[in-house]
Structures are given as C-alpha cells and as structure tokens.
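Trainee: Structure below; questions to follow.
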Amino acid sequence: MNPERAGCTSRRALRLFYASTALFSSLTLAACTGGGSGIPTGNAGSVTGSKPAAQEPQVLRTVEGLQLPWSTVFLPDGTAVISERDSGELKSVKDGKTTVLGSVPGVVPGGEGGLLGLAVSPDYESDMSLFAYFTSGADNRIARLTLTEAEPGSPLKLGQPEVIFAGIPKASTHNGGRIRFGPDGNLYVGTGDSQRRDQPQDPNALGGKILRITAEGRPAPGNPFGDNPVYSLGHRNVQGLDWDDSGRLWSSEFGPNVDDELNLIQPGGNYGWPEVTGAPGRPGFIDAKVVWPSTAESSPSGLEIVGSTAYLGALRGQRLWAVPLEGENAGNPVSHFTNRYGRIRDVSLAPDGTLWMLTNNENPDSALILAPPARPGS
C-alpha cells in the first residue's frame, strides 16, 4: 500500500463557549457494525445532544505557500506555528504574514517520516518552548525547541533543540507523530507500529502506542504499566489526539485496508492491533467508537474536539469529518468539503475560535481557516 494509503485552561473555556453552537442539526444514528457496509458508523444508538449539520463551515481565508504541512499549534498571542514534514521547517503565521522560524536540525524526511507533530509548552509564557516529534536517521524522537526574540515584539527565532525522548521505531510508513499536552500537564505521544507487528501488543515496546511522558521526557507518574511511558497499546498508527470537555482522551487511527477508527482511550487499554480492527466485540480488546469500514473515505489524521463535536481531517478521504459526541458515545460521522481541497492533514482550534485545516500534496499546500460555529438562533 502506498504511504498513508496514498492517495490548559483558556482553551477549555473556549471549547465550552462553542459547545452550544449551531453547526449542528438532527441526525438519525445507527449502531456500530465495525465493517461490511462501507458506511461509517458510531457506537451510539442515539445521541441526544448537539449533532453536526449537513451545512458546511464557511472558509474565511487561506494561508498559501506551504509544503506538506503536518501540524498547527498556537502561541498565547494567537500566532500559528506550522511544521513542514519534508523541509523540516517551522513557519509562523501572524496578522496574515508567514515567516520562517527556522529548520529543525536532525530531521531526516522519507516516506511518512520527517518533521511531524508539534505541542506548545503549558508554561510557554515563561519558557517559550515548543515540542516537536520528528524522524531522525535512527528513530523517531521528541525535542524541546526554544523560541527567542532579540527584544519584546521582535521576530521569533528558533533556538537549538534539546532531545528529551528517543528510540521510537521508524520506517517509511506508520511513524505516528501526533503529540499533545493533556489537562494533567503531561505530554501524550501517538506512535505507529513502524511495520513491526510484534510491537503494538508488547507493553515494553514503543511502537503502536500512546505514550504519556513528562515535559522532561520521563514516564509520567501514575502510568498503567509502572515506570514505563506506555499509556495504551494495540494501535496501528495513531494520528490524532484530543480531550473532550470532561477530560476524556480520544484518538484517531489508520486501519489497514478496512476499519479506520476513532477511539476513546482508557489507561492501559488494548485496542487490538494487529489481532483485530474496528469494533468486533472481541474480549480483551477495546472496540473503536467510530469505524470507517472503507478507508477510501477517511484515513483520519489530525483531531480537534470543539464542544460536542470531534473534527477529523481525512487524507485519502479528502474531507473534514464531524462526529457528534455525548459522554462516552459517538454518533454517525458527517462529511464536509468532500474532494474539494484534497487531503486534510490536521485540524486545529485557534484562540479566536476559528478552525485551521492543513491540506497535503496540493503543491503548494495551504491552511484553510474556517469560521467559528455560530450561536444558536444567530
């Protein structure tokens, strides 16, 4: 198969503000089948809260001139920072102007590897640090990057990286790469199986996992396997991580030829790969909450949860998926922008409430900035 099937407080308050918004209307929801029909389905027989509507969000503007962007994060002043996979560059976008912050040393792109996920330090205002997941010549690793400015308000520059975590297996595909700080202040890391099927079920291996580490790169206290960075196992290639308003962690994940997944993550949970995919109800493994039986319609990448809706960018599916959530249940996905903007790599919530989508393989690529959901009755 071709690569990727080819073809904390202020942010939480912002989500709560948009929880009652009107990108939603009634849907008929079906129970999850885990395969067969080709129709993506959630696990809820009924989700009674807000549900995404068929009406597509409005594209307000675009940021042009990007090359294979992978991740977007936002600094406290609203500046967007975007990673480019193959160039290894970090670019900032502020007031409509795009600036190169610098190249991350040690990035060795190839296949699905390169400069991948970004995360902003919870203490950014005091340490001015970003964290980056990238592929080196030997492995996938995570580095702390410090931004500097000659004087307040001057252009940001990229300092020398400090590697805090290494040894995540690499390959031409299945490198994982999404990182995100959780509500607990720890860094969560989505890894891929790196085409090594023995790794996901081995709690002592780093491939095919969600890891939970401190900002210094040590296993976080309270991890389910003791002094071990592994938080959950049995994953094939985790691509998106985010928390709902109740602090539950969700992840998006590539299936093989079938069964892309949206999962609700439990500490120590086993999500089945390579023994099972989707939601077969097999004892010992946790079923996905949403299953896309046809990977041609999804290949879900970046994940952002806004209010009661999970938004997922789709690579092969070339669209934005919106999934209604209610507690631990998920309803049927609704697609937006199908085949209009190409492959969607990431979806990120900006401080002003807009959603940023990154396109991939459009030569050049862009960031599409979507209007915030409107209030009911507006």
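The values are calculated or read from the model by the stated rules, or taken from the named source; none is laboratory data. Computed from a prediction, not measured in an experiment: that's the story for all the values here. Ligands, DNA and RNA are excluded from the accessible area calculation, which covers all protein heavy atoms including side chains. Shrake-Rupley method; radii C 1.70, N 1.55, O 1.52, S 1.80 Å.
Trainee: Give the ranking of ARG197, ARG180 by solvent-accessible surface, highest area first, calculated with a 1.4 Å probe.
Mentor: ARG197, ARG180
Trainee: Taking the alpha carbon gyration tensor of region 220-378, what are the square roots of 5 times its eigenvalues, largest first, to the nearest whole Å?
Mentor: That gives 26, 19, 15 Å for the three semi-axes.
Trainee: Rounded, prolate or oblate: which fits region 185-277 when a ≥ b ≥ c are the square roots of the eigenvalues of the alpha-carbon gyration tensor, with rounded for a/c under 1.5 and prolate only if a/b beats b/c?
Mentor: Judged from the Cα gyration tensor, region 185-277 comes out oblate (a/c at least 1.5, b/c at or above a/b).
Trainee: Can I ask one more? Whole number in Å², please: accessible area per residue of the chain, 1.4 Å probe, ligands, DNA and RNA not counted.
Mentor: It amounts to 37 Å² per residue over the chain.
Trainee: What's the carbon and sulfur percent of the chain's accessible surface, probe 1.4 angstrom, rounded to a whole number?
Mentor: 47
Trainee: Additional query: If amide hydrogens are placed 1.01 Å from N in the peptide plane, which non-local residues have theirs closer than 5 Å to the one on ARG343?
Mentor: Distant-sequence amide H within range of ARG343: ASN360.
Trainee: Something else about it: List the relative contact order of region 97-250 as a percent without decimals, with contacts defined as Cα pairs under 8 Å and 6+ residues apart.
Mentor: Relative contact order of region 97-250: 17 percent.
Trainee: From Cα coordinates alone, what are the radius of gyration and Dmax values for region 142-189 in angstrom?
Mentor: Final numbers for Rg and Dmax: 14.7, 42 Å.
Trainee: Ok, one more. From the convex hull of the Cα coordinates of the chain, what is the mean projected area in square nanometres?
Mentor: 16.8
Trainee: Sum -39500 (n - 2.57) across every DSSP H segment of at least 4 residues in the chain, then divide by the residue count to get the 222 nm mean residue ellipticity, nearest 500.
Mentor: Per the formula, -1000 deg cm²/dmol.
Trainee: Can you give me the solvent accessible area of ASP77 with a 1.4 Å probe, rounded to the nearest 10 Å²?
Mentor: 100
Trainee: List, in order, the whole-Hz ³J(HN,Hα) value for each residue of region 242-250 obtained from phi through the Karplus relation with A = 6.51, B = -1.76, C = 1.60 and θ = phi - 60°; use x for Gly and Pro.
Mentor: 6, 10, 7, 5, 9, x, 7, 8, 10
Trainee: Could you pull out every residue, at least 5 positions away or on a different chain, whose amide H is within less than 5 Å of the one on SER301? Hs are placed 1.01 Å off N in the peptide plane, and Pro or chain starts have none.
Mentor: Here GLY313, ALA314, LEU315 satisfy the definition.
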